[in-house]
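Undergrad: Handing you this structure, nothing more for now.
Every number in this text was worked out from the coordinates using simple rules, so none of it is lab data. The structure presented is a predicted model; accordingly, all values stated were derived computationally and were not measured. All Cβ positions, glycine included, derive from the backbone under ideal geometry; neighbour counts span all protein chains shown.
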């Protein structure tokens, strides 16, 4: 009789320059939901990548139901019904929902794909997650939240013995989360073991049976979730006391910087009017898919607005038809998908920071690198960006530090307003606090700041004013943030 | 010091080492490789493809591709011959004018690609055919002979018996392009555009302008190569540079330029172009049938990109290693 479905013993893994895993032992019981928590870079993903055959371990052994196994590719792991749902969406955008769900796992009849059963099965799998969409439409038509659920459905199609969910809730709204959790509990009852990786410790506390806490490539503690508090977990993860971002009441000037009137984009949002004052932090709350990102993409000129919508900057009408225009008016934009449009991975930290400023730093028609280097060094220091050198490729930095480089990029450009979409998504607890402090520092310097965030804690800690968006419309504001709670924000959203 | 090590570890560095090694081995076997005559002929022959390769590299850096380079070379070489022979223009005016025409042809590519968001592959495939067609329509496939002696001297001249003029021109252009790519705003924009187009848009890079610039520059460089080739042969033939579009891509890729954009350099392209040249010379020196040349070149490209892929892709490398270990 074997107690553990999976037992990973004494796993070590080195990457050039770092010890990613150091003698890690991880045990997963049958039919449990097991949380794996730790800061970014603690080794959670590496451990799970080894379990699913993406990486080879340097030393150690893996046992599946007591028998030693050896995975050299994800295929091997899938064959044993060990399935990973990665954090980054991993779908073929042009293919249909059903095709994506059964990609690599097609339902075959007489050597050909059996489309009828494929569609039926896809529908059934999605229904289990309470998703009811047309499974024949291409995946790209779905919102990121639904796409995440499609990737989970794809994993379920393998009838997993072990299901690994890496940050599954990052893009989900409350409702969808509830459905996911329900499905998780159902799977557990059927005997599936689930590894749940999350930065959201509330979810960990509520949903999981046991928790393994990792730090710097080692396991620091394995404990029943009921026997530990959130604060203890945070302290174990960080290795030192972490202070939560504290709310500070700030004074904001009365001068309006950015004034939007009647902005509309069919199918995305309708008749949006709002303004932002100098030095104000305006947090935009609302459910994923409410149109928050779309409103500000339009305001920044990435997408075009429909006639009638107007934008005024410092009282004068501004013509913003492209990001180039927006930047000329002193607006910067930090997108929600860092890898997709935030960074140029193969360029150095310095270049990623200084790209938009090259135009102003010229000597004899060429870039004045002396100045560029000194500005870069200043920001690396003042923003506490952890990077070996300014010439290190940005892809080798952690998410938090990449984000700081992106913020520095706009500060170096001398902008007056910064739009930040989910500025701390996928960033660990410590770096999160640092980014929050950075945002406040910038606002104190008079920069108008928009923070679009799905994390209520973040919104309540940062905002001078909260704007709530629901189904493409502004459903209300919360001006007195000091006394507001998460419930208040939700009430405004649904009123 | 570490810079040297870094260079040797790059694709271009490895290709350079291989190129020199091949030269040494062939020299030891035949004693004919490192002679002034061989080196000057080899570098001169390679310079034409390298010049076209520069343009190709710049376009590849933006994440595009230019299949029309060879046709632009041909059409500009033809205009140069027409200006000189049929219209009796001063040879230097004719050369400069026909090189500038290359910018126009390149700009047409850039215009369609950036303004209408068409795929570079398709647009340049179409213009390749069109430009090639223009040559045949105008010349009816007949050569244009009788170019002036000074034009011939420009392309055939050799300084001190070892340094051909064409190589000097190529090196000067390489220096200018390196400064442009590394130290000017537009140069960095070219890398940023190929590195991540979405990010480039958000940081306010004028994508359309950068793209048009890259294709125009590619047209200009192709034209220089075509015009010089026409001068070298003292006559224009429609077949000038027929194979250059693929040779230029080969040179760029062997020089470490990524087909996905954002990574590469023109210095690398020189090395890549030299390796192709060395391979073809060595095949002649070793008296192997020249029919083998393309097979060897193809195999070298395949090996180079394979090494590159293994170098950059950790999981691929691991799987490769695992497979070897199991054996």
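Undergrad: Treat the count of other C-beta atoms within 10 Å as a stand-in for reagent exposure and order A:39, A:360 from fewest to most. Walk me through the numbers before you get to the answer.
TA: Values: A:39 24, A:360 13.
The order, fewest Cβ neighbours first, is A:360, A:39.
Undergrad: May I ask for the Kirkwood hydrodynamic radius of segment A:421-479, worked out over all distinct Cα pairs and given in angstroms to one decimal? Don't skip to the end; give the middle numbers.
TA: Numbers: mean 1/r = 0.0806 Å⁻¹.
The Cα-based Kirkwood calculation yields 12.4 Å.
Undergrad: Helix A:144-156 versus the longest principal axis of chain A: what angle, 0 to 90°, nearest 10, using Cα atoms?
TA: 10
Undergrad: Can you compute log10 of I(q)/I(0) for segment A:34-111 with the Debye formula, treating each Cα as one identical point scatterer, at q = 0.12 Å⁻¹?
TA: -0.47
Undergrad: In a Gaussian network model over chain B where Cα atoms closer than 10 Å are linked, find which of B:61, B:125, B:21 has the largest mean-square fluctuation.
TA: B:21
Undergrad: With springs only between Cα atoms under 10 Å, which of B:280, B:68, B:47 fluctuates most in a Gaussian network model of chain B?
TA: Looking only at B:280, B:68, B:47, the largest GNM fluctuation is found for B:280.
Undergrad: Right, another one. Could you give me D for segment B:77-137, from Stokes-Einstein at 10 °C and 1.306 mPa s, where the hydrodynamic radius is the Kirkwood radius over C-alpha pairs? Units µm² s⁻¹, please.
TA: Translational D for this selection: 125 µm²/s.
Undergrad: Between B:212, B:78, B:142, find the one with the highest GNM mean-square fluctuation for chain B; connect C-alpha pairs within less than 10 Å.
TA: Looking only at B:212, B:78, B:142, the biggest GNM fluctuation is shown by B:142.
Undergrad: Against the longest alpha carbon principal axis of chain A, how many degrees, from 0 to 90 and to the nearest 10, is the axis of helix A:115-128 turned?
TA: The two axes meet at around 70 degrees.
Undergrad: Using just the Cα positions, wrap segment A:4-238 in a convex hull and report its mean projected area in square nanometres, one decimal place.
TA: Average projection, Cα convex hull of segment A:4-238: 13.0 nm².
Undergrad: Test of understanding: express the Cα radius of gyration of segment A:163-234 as a ratio to 2.2 N^0.38 Å, with N the residue count.
TA: Relative to the 2.2 N^0.38 Å estimate, segment A:163-234 comes out at 1.12.
Undergrad: Separate question: Is the shape of segment A:278-382 best called rounded, prolate or oblate, per the rule: a/c under 1.5 gives rounded, else a/b larger than b/c gives prolate, else oblate, with a ≥ b ≥ c the square roots of the Cα gyration tensor eigenvalues?
TA: Note, shape of segment A:278-382 comes out prolate.
Undergrad: Now a separate question. Output the Kirkwood hydrodynamic radius of segment B:106-157, Cα pairs only, in Å rounded to one decimal.
TA: Numbers: mean 1/r = 0.0736 Å⁻¹.
One over the average 1/r among Cα pairs gives 13.6 Å for segment B:106-157.
Undergrad: Now, a different point. What ranking of B:271, B:20, B:82, A:367 emerges when the number of other C-beta atoms within 10 Å of each C-beta is taken as an exposure proxy, fewest first?
TA: B:20, B:82, A:367, B:271
Undergrad: Per the helix-only calculation at 222 nm, which mean residue ellipticity applies to the protein assembly as shown, given -39500 (n - 2.57) for every DSSP H run of n ≥ 4 and division by its residues, nearest 500 deg cm²/dmol?
TA: -15500 deg cm²/dmol
Undergrad: Report the Cα-based extents of segment A:256-494 along its three principal axes, largest first, to the nearest Å.
TA: 52, 39, 29
Undergrad: Compactness ratio of segment A:382-462: Cα Rg over 2.2 N^0.38 Å, N = residue count?
TA: 1.07
Undergrad: Arrange the following residues from fewest to most other Cβ atoms within 10 Å of their Cβ: B:231, B:115.
TA: In order of increasing Cβ crowding within 10 Å: B:115, B:231.
Undergrad: Roughly what % of Cα-Cα distances in segment A:361-414 sit above 14 Å, to the whole percent?
TA: Everything past 14 Å amounts to 55 percent.
Undergrad: Right, next: What percent of all Cα-Cα pairs in segment B:197-327 falls into each 5 Å bin, going from 0 up to the bin containing the maximum distance?
TA: 2, 8, 12, 16, 16, 16, 12, 8, 5, 3, 2, 0, 0
Undergrad: Now, a different point. How large is the translational diffusion coefficient of chain B in µm² per second when you combine the Kirkwood radius over alpha carbon pairs with Stokes-Einstein at 37 °C and 0.692 mPa s?
TA: Answer, rounded: 160 µm²/s.
Undergrad: To one decimal place, what orientation-averaged projected area in nm² is obtained for the convex hull of the Cα set of the protein assembly as shown?
TA: Values: hull surface 165.3 nm².
So the mean shadow area of the Cα hull is 41.3 nm².
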